[in-house]
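In what follows, a structure is listed as structure tokens, so that the remarks can point back to it.
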Amino acid sequence: MTKGFVIRTYGRTELAQLYNPLICSRSALRKLDQWIDRYPGLRVALVALGLLPGARCYTPAMVQIIVNALGEP
């Protein structure tokens, strides 16, 4: 039995690469940021949970909101 995606703290690049495994890490991060900005209210919700400019990781609560919006990687 395989284990599904686990909600935990992820580095931004780590999570981006899970969503975009076939492209380089920098491009994956840009792509994830684009998706977050395009999903209505997602960036606002992440900021409300404490996401700061230059943050290097997403908390489990932030990851849950991203997964709710974008689906599991």
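A few notes on this one:
- Filtered by the rule that a residue be under 15 Å from residue 8 (Cβ atoms) and among the hydroxyl-bearing types (Ser, Thr, Tyr), the range 34-59 gives 58, 59.
- Residue, farthest from the chain's Cα centre (by Cα), within the range 1-51, restricted to residues that are at pLDDT below 95 and of a type outside the set (Ser, Thr, Tyr): 1
- Residues (hydroxyl-bearing (Ser, Thr, Tyr) and in contact with a Lys or Arg (Cβ under 7 Å, 6 or more places away or on another chain)) located in the range 6-50: none
- Per-region count, the range 52-73, residues β-branched (Val, Ile, Thr) and at pLDDT below 95: 0
- Within the range 60-73, residues that are touching a residue at least 12 places away in the same chain (Cβ under 8 Å) and over 16 Å from residue 9 (Cβ atoms) sit with their Cβ atoms under 7 Å from residues that are open to solvent by less than 20 Å² (accessible area, probe 1.4 Å) and part of a helix (DSSP H, G or I), at 6+ positions apart or across chains, in these pairs: 69/42.
The values are calculated or read from the model by the stated rules, or taken from the named source; none is laboratory data. This one's a predicted model, so the numbers in the text were calculated from it and none came from an experiment. Cβ sites come from the backbone with ideal geometry, for glycine too, and all protein chains shown count toward neighbours. We work out accessible area using only protein heavy atoms, side chains counted, and drop any ligands, DNA or RNA first. Shrake-Rupley method; radii C 1.70, N 1.55, O 1.52, S 1.80 Å.
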